[in-house]
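Notes follow the structure.
The values are calculated or read from the model by the stated rules, or taken from the named source; none is laboratory data. Everything quoted here is computed from the prediction, not taken from an experiment. Counting neighbours? That spans all protein chains shown, and the Cβs are built from the backbone with ideal geometry, glycine included. In case anyone asks, the SASA skips ligands and DNA or RNA and just uses the protein heavy atoms, side chains included. Shrake-Rupley method; radii C 1.70, N 1.55, O 1.52, S 1.80 Å.
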Amino acid sequence: CHFSRVGTPLVFLGADTISNQAPKPQQQSGKGLLANLAFNIVLPVLILSKFSSEAHLGPVWGLVVALAFPIAFGIYELVQSGKLNFLSIVGIISVLLTGGMSLLQLDPKYIAIKEAAVPGIIAVLILVSGHTRFPLVKTILQNMQLLDLPKLQQKLQERQAEQAFEATLSNANRIIGGSFIFSSALNYGLATWILVSQPGTEQYNAELARMTALSYPVIALPCTGIMMAAVWYIFSQIPKLTGESLESFFHE
């Protein structure tokens, strides 16, 4: 969402996508997704839009209470995972930056810049990882736990297709990095279009609520589609490079 969608294209694969361990089962469940949507979108939008008037919480406390839900959820996920998680930490920092800028009543253009900068930085990190031994896309394949990677590696060696597969992974890594660049542009456009009121006002909170509500259909879904296209691209190349069906590499 607006508060913690920094990993938008990765959210639907689970927060552990870029860690070295497989995601926990509960993070993949529908209940986990519903909790994510409730704490990061539904509750903040409800508070910002319905309870930020002077008759209720007021603009300042309305913002503080709305921010508390995604922060609490991010901390809860960190505690549940039992380890530091890059996306959760960046999400919490992003929320704090949004809250700090809003409470300091900075010009909304700075929030728009922040909205673009966070996924932009992640895009740079992803693209840089493509020039290391551990590109992000490799970690995604490992954590998906769908493919028998040792068997795949053996078949690639037999057909001397290892370099071709590495090139495929590099292309997919660029696609994923591009999804974050796309997210950065959409974030900036959405923020500059919607946030026009001065922070600290009921109107500003209502605009923040609107932007949060629009973030998933406008940003998350297209970016997630690009992400899944990158994974499908890898899957489509495996039969061509190994001479065997993709199904033969799935775990039984």
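What to note about this one:
Here is a yes/no grid of residues against (1) within 22 Å of residue 54 (Cα to Cα); (2) open to solvent by 10 Å² or more (accessible area, probe 1.4 Å); (3) touching a residue at least 24 places away in the same chain (Cβ under 8 Å):
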site	(1), (2), (3)
191	no, no, yes
200	yes, yes, yes
205	yes, no, yes
208	yes, no, yes
213	no, yes, yes
217	no, yes, no
222	no, yes, yes
225	no, yes, no
236	no, yes, no
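- Within the stretch 201-221, the set of residues being at pLDDT 85 or above, within 30 Å of residue 178 (Cβ to Cβ) and not hydrophobic (A, V, I, L, M, F, W, C) comprises 207, 210.
- In the condition set (1) touching a residue at least 60 places away in the same chain (Cβ under 8 Å); (2) acidic (Asp, Glu); (3) part of a helix (DSSP H, G or I), residue 244 is compliant with all but (3).
- Restricting attention to the stretch 117-131, the residues that are open to solvent by less than 30 Å² (accessible area, probe 1.4 Å) and either over 30 Å from residue 190 (Cα atoms) or in a helix (DSSP H, G or I) (or both) add up to 7.
- Taken over the stretch 132-168, residues that are in a helix (DSSP H, G or I) and either within 20 Å of the chain's Cα centre (by Cα) or of a type in the set (Ser, Thr, Tyr) (or both) amount to 10.
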